[in-house]
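Participant: Quick one: the structure is below, questions incoming.
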Amino acid sequence: MENGAIPSGQDMPPSGGFKPFRYERRLPKRGPNGLTLFGICGGIMAYGWYRIYLALDERRELDREKMWSRIYLTPALIAETDRDEYRRRHAAVERERVIMKDVPGWVPGQSVYNGKRYAPDTIANIPLHQQPGAKKE
């Protein structure tokens, strides 16, 4: 013993050795195996794709119905537009007749173009509250 150190005994295993201990994991088997989970997920996805197919079929049918309704409504909408243009044209000619009554040689409703080809008027239908200079309430 040097320098006044206390004698210590080395730790040794007990005689006959330590008792064996379990060091590997032995967990109980839980839940379905991977193949079962894969099959369940595949079934869910197949059902989802089936529903998507049905929805696309329905959308395709609605689009077809919309297209045919527009085809059937087009003549009525064109006729309505023609009636509106005719009414506006006659109102414009009457306004022109009143405004230009004092101008000699002025023919109301006569085209300002020199050609024989028909050129429709460009009448902008602007609501009163959107016209320039309209007062805000």
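Participant: Tabulate in residue order the Karplus-calculated ³J(HN,Hα) for the stretch 56-65, using 6.51 cos²θ - 1.76 cosθ + 1.60 with θ = phi - 60°, rounded to whole Hz; enter x for Gly and Pro.
Facilitator: Result, rounded to whole Hz: 5, 4, 5, 5, 4, 5, 5, 5, 5, 5.
Participant: Classify the stretch 1-101: rounded, prolate or oblate, from the alpha-carbon gyration tensor (a ≥ b ≥ c, eigenvalue square roots; a/c under 1.5 rounded; otherwise prolate if a/b is larger than b/c)?
Facilitator: Oblate, since a/c reaches 1.5 and b/c is not below a/b.
Participant: Above 15 angstrom, tally the Cα pairs of the stretch 46-99 and express them as a % of all pairs, no decimals.
Facilitator: The proportion of pairs with Cα distances above 15 Å equals 69 percent.
Participant: Provide the FRET efficiency to the nearest 0.05 for the residue 106-residue 84 pair, computing r from the beta carbons and using R0 = 25 Å.
Facilitator: So the FRET efficiency works out to roughly 0.45.
Participant: Sorted by mean Cβ packing within 10 Å, highest first, what order do the peptides 71-82, 10-21 take?
Facilitator: For the peptides 71-82, 10-21, the packing ranking is 71-82, 10-21.
Participant: What are the ³J(HN,Hα) values, in whole Hz, obtained from phi via the Karplus relation 6.51 cos²θ - 1.76 cosθ + 1.60 with θ = phi - 60°, for each residue of the stretch 85-102 in sequence order, with x given for Gly and Pro?
Facilitator: Along the stretch 85-102, the couplings run 5, 4, 5, 5, 4, 5, 5, 5, 5, 5, 5, 5, 4, 5, 5, 9, 5, 8 Hz.
Readers should treat all values here as calculations from the given coordinates under stated rules, not as data from a laboratory. Small disclaimer: the values here were computed from a predicted structure and weren't measured. Note: ideal-geometry Cβ built from the backbone for every residue, glycine included; neighbour counts use all protein chains shown.
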